[in-house]
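Scroll down for the structure; my scribbles are underneath it.
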Amino acid sequence: MVRIVLRSAYTLALCVCACAVALASDLRVQLGNNSGLTISLKLTPAVDDWQKAGEDAYTGNGYQLALREAQVGSRSELTVQLERSDHKAFTLEDFEVDWLVQNPELFAIWSYNQNPAAHKNYQVLSSEAFSLITSANVGIPYACAVTREGENLLAVGILSQNRTIHMEGRPLDGGDYQLCLGTQLPLRVQNFTESIFTDTTSADWFDVSSSYARWVDNRHKYKPFPISPACYYPMYDSWYWTLDNVDSDFYWESLIQSKALGFQSYLFDSGWESETGELTRWLEGSIGNYFAPEDKLPKFTELLRKAKRILHMNVILWVGPYLVGRESVNYPGTKKAHSRFNYSKPELRGGVEDEPFTLPLNSKYAENVSLCPRSSDTQNYLKSLFDRMTDSYHPDGYWLDFQDFVPFLCQSGHKHSGSFGSGFNTCQNEISQAILQGIGQPTIEMRYPVANLNNKRYGNLWQSTDSPQDFDGMRLCNLMMRPFSEGVVMGTDEMYWSPEADDATVAKFVITTIFSGVPAMGANFQQAPQSHSDIVKAWLNFYKQNQSDLTQGTFRPIGDFAFPDQKIESQDKAFIYLRYGKASVVEIDGTPATIYVANCTDADAISLGIRGRLAGSYQLEILDYYLRPVISKIIVLADETTIEEPVPQGGIIQLTRR
């Protein structure tokens, strides 16, 4: 196999390109926004030589290659099209795009795929390398090279969201940095088309990343899944402290308690559908039954009915739709559809390969706990599964889990329909349509990193990754997801804190959920002191009073790029959240009647500059973590003012225009 040899340097105006090509090892392209990239193609049958066949058209060994660029300002969209003249299928062994960042101001690489638990708002520093994989069920093929202030130097990505892509970055000698996007698996196609996004706009990383997301959505004709009112309900889930060790008495007591605190949705997490401990047995166990065990949860359907009709709670069922263990009642009917790995072909498989997620099946194959989405048996099973669960339990929605575990490579002998990405999307569509047909206004919740541009058409509520005991990691994950979230409701992880936590710490957890999205919590109120419940109740009341402003206002990061704070602005209100407190001045874009400043820093005072159309007299109140006023006075603000006030940790300033 021979790597295609093309070199070109061309500048394009509007949507028409004209270039001269010198034949060499790679295709080097100079774009209309003054950035450059290198395209490498590796094909079977191979191409030894390319000949120019017309304007931006080339032929070689029966292939036809075309390039087109569209440019909007500093954003370039380069489309690559490749097919054979005889229209026969060929194998694209690799398609790779490389960019070179040559700017002394380069500080870091930002992406959707970074680890928020590291408590930093970037993938790597410019002195560090990274390597990761995105696919239909994991991540987004996009990265942004930024300055220390978070200004974009070069944003890159591709249009396809369901291909398995490797992303790499590495520093080079002399201070340059190379970014690479390429196919992870060979593609067998008759026509290959890909569009490449390159943006050199000098703007904030948040805005440039949002622009990429809108470009992808527009090109894919994205239609949001219907948003239900319940998407905005605060949710309770006990998983982090009970795991799946639950029973009917616990559920009922917990439902009553969470209702009294102000929660409106209740997630029946893993454990409703199997005996205790089955989830962690994975392929060895009975995960995948999705029948409430009669000995553990007798009359479960009646329990759900009471939760809905007596307590008026929104009932959500946890489901890991692709997981089926060998002891599950569903295993005999699905065993041929499981993802399998051939021992003699040790390619990177994706998903989880260790025991007990993957176990030996026979002398040739290992078997994974996840069903293969490329199998029509999986697609049929998923529809029937959700039809049955909805008919049996009548939930208001589903929380879809462990979809990021599904391997993108399957070497089973069962028939594969299309690529992993196309098969996964077919399965996701079967799930979402079955839910939509069975439930009038459902909630379908997905968690990072499955909550991506490929999957948001199949659900209406996004959640940050698991972050027990880490409110700032949860917040940074939520912030990272925000530029891509248009069309879905942003939720939060079920924030868990220790029953021994002090009240100020509890308030920080609670405020962070409310200022980050639709709040979800999972604390152990049964063992915690009454003060924890009082704090949660007060703040959930605050959320309900300000729900539309908090959830539908304009969200933006503020302050330091690497360690950001955030704000939300609606027509009448502004909510400023301080964790690091490094913002010198916060811009207020509108003329809010009320401004809230939450102190989730580690200091007992706030010093904050604010600027906008603010001049006037205000009632200033400092509220503690129970939202009780501790200081109240009249102040006068100019259009630019520094507010310096003693504010307890977990407390808030409320400024009301008089």
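The values are calculated or read from the model by the stated rules, or taken from the named source; none is laboratory data. Predicted model only: the values in this text are computed from it and were never measured. We place every Cβ from the backbone using ideal geometry, glycine too, and count neighbours over all the protein chains shown. For accessibility, only protein heavy atoms count, side chains too; no ligands or nucleic acids. Shrake-Rupley method; radii C 1.70, N 1.55, O 1.52, S 1.80 Å.
Numbers below:
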item: Cα-based Kirkwood hydrodynamic radius, the chain, one decimal, Å; result: 26.7 Å
item: Net charge dipole size for the stretch 476-523 [Lys, Arg +1 and Asp, Glu -1 on Cβ; Debye, nearest 20]; result: 200 debye
item: Extension gain (nm, one decimal) between residue 355 and residue 387, 0.36 nm per residue minus Cα-Cα; result: 8.4 nm
item: Potential lengthening between residue 64 and residue 580 on full extension [0.36 nm per residue; Cα-Cα distance subtracted]; result: 180.3 nm
item: Distance (nanometres) between label positions extended 7 Å along Cα→Cβ at residue 207 and residue 638; result: 2.7 nm
item: The stretch 605-625 residues near the modelled residue 587 label - backbone nitrogen below 14 Å, point 7 Å along Cα→Cβ; result: 610-613
item: The stretch 296-439 - Kirkwood radius from inverse mean 1/r over Cα pairs (Å); result: 16.3 Å
item: Added length on full extension, which subtracts the Cα-Cα distance from 0.36 nm per residue, residue 72 to residue 260; result: 62.4 nm
item: Sorted peptide list for 196-206, 527-537, criterion being average Cβ within 10 angstrom, highest first; result: 196-206, 527-537
item: Pairs beyond 25 Å (Cα-Cα), from 456/508; 42/345; 223/573; 42/364; 120/567; 299/537; result: 456/508; 223/573; 42/364; 299/537
item: Under 5 Å, built H, 5+ apart or other chain: amide partners of residue 56; result: 19
item: HN-Hα J in Hz across the stretch 241-252 - Karplus 6.51, -1.76, 1.60, θ = phi - 60°, x for Gly and Pro; result: 10, 9, 6, 9, 8, 10, 8, 5, 5, 4, 4, 5
item: Loop trypsin sites (Lys or Arg not before Pro), the stretch 605-644 (other Cβ atoms within 10 Å of the site Cβ: 16 or fewer; DSSP); result: 613
item: Stokes-Einstein translational diffusion, the stretch 532-595 - Kirkwood Rh over all Cα pairs, 1.306 mPa s, 10 °C, in µm²/s; result: 125 µm²/s
item: Karplus-derived HN-Hα couplings along the stretch 378-395 (A = 6.51, B = -1.76, C = 1.60, θ = phi - 60°), whole Hz, x at Gly and Pro; result: 5, 4, 5, 4, 5, 4, 5, 4, 6, 4, 5, 4, 5, 5, 7, 10, 6, x
item: Solvent-accessible area, 1.4 Å probe, carbon plus sulfur percent, for the stretch 47-117; result: 44 percent
item: Estimated vicinal HN-Hα couplings, Hz - the stretch 585-594 in sequence order (Karplus 6.51, -1.76, 1.60; Gly, Pro = x); result: 9, 9, 7, 9, 7, x, 10, x, 7, 9
item: Shape category assigned to the stretch 122-224 from the gyration tensor of Cα positions, a/c cut at 1.5; result: oblate
item: Given charges at Cβ of Lys, Arg, Asp, Glu: the stretch 280-344 dipole, positive-most of 293, 343, 311; result: 311
item: Residues with amide H under 5 Å from that of residue 94, placed H, sequence gap 5 or more; result: 42
item: For the stretch 417-508, with +1 on Lys and Arg beta carbons and -1 on Asp and Glu, the positive-most of 465, 453, 506 along the dipole; result: 453
item: Heavy-atom surface of the chain, accessible at 1.4 Å and reported per residue (Å²); result: 37 Å²
item: Kirkwood Rh (inverse of mean 1/r, distinct Cα pairs), the stretch 560-658, angstrom; result: 13.4 Å
item: Label point 7 Å beyond Cα of residue 88 along Cβ direction - residues of the stretch 44-68 with amide nitrogen under 19 Å; result: 44-50, 59-65
item: Mean residue ellipticity (222 nm) of the chain, computed from DSSP H runs ≥ 4 via -39,500 (n - 2.57), nearest 500; result: -6000 deg cm²/dmol
item: FRET E, pair residue 148, residue 611, Förster distance 22 Å, beta-carbon r, rounded to 0.05; result: 0.50
item: For residue 361, distant residues with modelled amide H under 5 Å away; result: 366, 367
item: Listed residue (121, 139, 155) projecting farthest to the positive dipole end of the stretch 80-202, Cβ model; result: 139
item: Dipole magnitude of the stretch 334-474, debye to nearest 20 (Cβ charges: Lys/Arg +1, Asp/Glu -1, about Cα centre); result: 780 debye
item: Solvent-accessible surface (1.4 angstrom probe) belonging to residue 630, in square angstrom, nearest 10; result: 90 Å²
item: Only Lys, Arg (+1) and Asp, Glu (-1) charged, at Cβ; the chain dipole about Cα centre in debye; result: 1660 debye
item: Span from the the stretch 280-334 Cα centroid across to the the stretch 237-254 one, whole angstrom; result: 14 Å
item: Size of the stretch 454-579 as Cα extents on the principal axes (Å, biggest first); result: 40, 33, 29
